[in-house]
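The values are calculated or read from the model by the stated rules, or taken from the named source; none is laboratory data. What you see is a predicted model, and the numbers here were worked out from it, not measured in a lab. Virtual Cβ from ideal backbone geometry, glycine too; neighbours counted across all protein chains shown.
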Amino acid sequence: MGIESLLVFIIVGAIAGWLAGLIVKGYGFGLLGNIVVGIVGALVAGFILPRLGLAVGGGILAAIINATIGAVILLVLIRLVKSA
C-alpha cells in the first residue's frame, strides 16, 4: 500500500466517521475518533453489505457511502451497548 492509498483511506475514514456522527446524534469523537469509527465502519460495511446483496459501486464516493453506512451501524451498536 502506497502513501497515496493510505492517505485516501484515512480521508475516507474521517469523512465517513464525521457523517456518521452527524447522522447518529450525540456521538462525535473528534478527528482521530472519527477516522477510527470511519475505518472500522468501512470494515463492518465490507463484511455486512455484500452478504445482504447491496452494492453501491466503485470509486471514492461509493467508498465514503459504504464506510458511512458501516459507521452508522457501529455507532448504533455502541449506543445500544451503552444503554443496556
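Side notes on the structure shown:
- Any pair with Cβ under 8 angstrom, 6 or more apart, that starts in the stretch 42-61 at a residue that is closer than 18 Å to SER5 by Cα and ends at one that is assigned to a helix (DSSP H, G or I) and β-branched (Val, Ile, Thr): ALA42/VAL12; ILE60/VAL8; ILE60/VAL12
- Residue that is loosely packed, with under 11 Cβ neighbours inside 10 Å and within 11 Å of GLY13 (Cβ to Cβ), where the choices are LEU52, LEU32, LEU80: LEU32
- Residues being of a type in the set (S, T, N, Q) and either outside any helix (DSSP H, G or I) or within 14 Å of VAL36 (Cα to Cα) (or both) - total across the stretch 68-84: 1
- When ALA14, ALA42, ALA20 are screened for being surrounded by 11 or more Cβ atoms within 10 Å (Cβ to Cβ) and more than 14 Å from LEU75 (Cα to Cα), only ALA14 passes.
- Single residue of the stretch 15-67 satisfying the filter (under 25 Å from LYS82 (Cβ atoms) and outside any helix (DSSP H, G or I)) that is modelled with the highest pLDDT: VAL24
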